[in-house]
Amino acid sequence: MRYLVTGGRGVIGSIFARRLVREGHQVTIVDDGDDPRHLANSFEGPSYHAERLERMSLDRLTGLVASSDRVFHAAASTGIPYSAEQPLDDWRRNVDGTLALLEALRREPRPTVVLSSVKPYDLSEIIVGGVDERFCLHADEPYAASKGAQSLICQAYASSYGIPITVFRCSNLWGPACPHGAR
């Protein structure tokens, strides 16, 4: 199977991509590569494109999608403090990057998994079993707003264009590839 993994040098993207490579799948990674914390997450095997999704031409991104069977979208700004310091860049990474990918998927639909966050939701409503679209949105900071917009635009593209998209709304993540600090 051929996978496109955006954010493939980040914490979750790199773990997922490594697993795919170990299982014998072909992996293409798109990651801007500008975060020095993720240098330790590099590994041999996948085809690597050091670009930001929102800066990539639609034709180039569509070509990468078309050459894949599945898409795993983990490219994002993940830090709440960073979003407060750099709200425009946070928005570009979380929303504009996702929208660029969705436009490519509109041309070449592929089953897609998108990593988002529970942060835009009213956390007092969260119970065991997860979060779905019925929960109220409550964006109390730029990060929550950008992640809420990311989830909603994915939902709109899935519904409007029939793209098979699953959004995971993750909580705090930690693991062996996790660098200190968050961006």
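The values are calculated or read from the model by the stated rules, or taken from the named source; none is laboratory data. Bear in mind that the values here come from a model prediction, so they are computed numbers and not experimental data. A quick note on method: Cβ atoms are made from the backbone with ideal geometry, for glycine too, and the neighbour counts reach across all protein chains shown. Ligands, DNA and RNA are stripped out before the accessible areas are found, and what is left, the full protein with its side chains, is counted by its heavy atoms. Shrake-Rupley method; radii C 1.70, N 1.55, O 1.52, S 1.80 Å.
Checking every one of the GluC sites (Glu not before Pro) in the stretch 1-88 against DSSP loop status and a limit of 14 other Cβ atoms within 10 Å picks out 23, 44. When the helices of the chain are scored as -39500 (n - 2.57) per DSSP H run of n ≥ 4 and the total is divided over every residue, the value at 222 nm lands at -10500 deg cm²/dmol.
Based on protein heavy atoms only, the stretch 9-152 ends up with 48 Å² per residue of surface accessible to a 1.4 Å probe.
Multiplying the residue separation of residue 55 and residue 2 by 0.36 nm and subtracting their alpha-carbon distance yields 16.8 nm. As an equivalent ellipsoid, the stretch 1-52 spans semi-axes of 17, 11, 8 angstrom, where each value is the square root of five times an eigenvalue of the C-alpha gyration tensor, largest first.
Scanning the chain for DSSP H helices at least 18 Å long along the axis (C-alpha atoms) with a Kyte-Doolittle mean no lower than -0.5 picks out 142-161.
Rounded to the nearest 20 debye, the dipole size of the stretch 34-101 about its Cα centre is 100 debye, using +1 on the Cβ of Lys and Arg and -1 on the Cβ of Asp and Glu.
With all protein chains in place and a 1.4 Å probe, the accessible surface of the stretch 30-74 carries 50 percent carbon and sulfur. The apolar share of the surface of the stretch 78-121, taken as the fraction of accessible area on carbon and sulfur atoms (1.4 Å probe, ligands and nucleic acids excluded), comes to 57 percent. Under the convention that each Lys and Arg Cβ holds +1 and each Asp and Glu Cβ holds -1, the size of the dipole of the chain around its Cα centre is about 500 debye. As a ratio to 2.2 N^0.38 Å, the alpha-carbon radius of gyration computed for the chain takes the value 0.97. Taken over the Cα atoms of the stretch 24-63, the convex hull encloses 70 Å³ per residue. Summing charges over neighbours of residue 109, with a neighbour being any other residue whose Cβ is under 14 Å away from its Cβ, gives +1 when K and R count +1 and D and E count -1. With the simple spin-label model, which puts each label point 7 Å out from Cα in the Cβ direction, the residue 86 to residue 66 separation comes to 3.3 nm. As a length-normalised measure over Cα pairs under 8 Å and 6 or more apart, the relative contact order of the chain settles at 24 percent.
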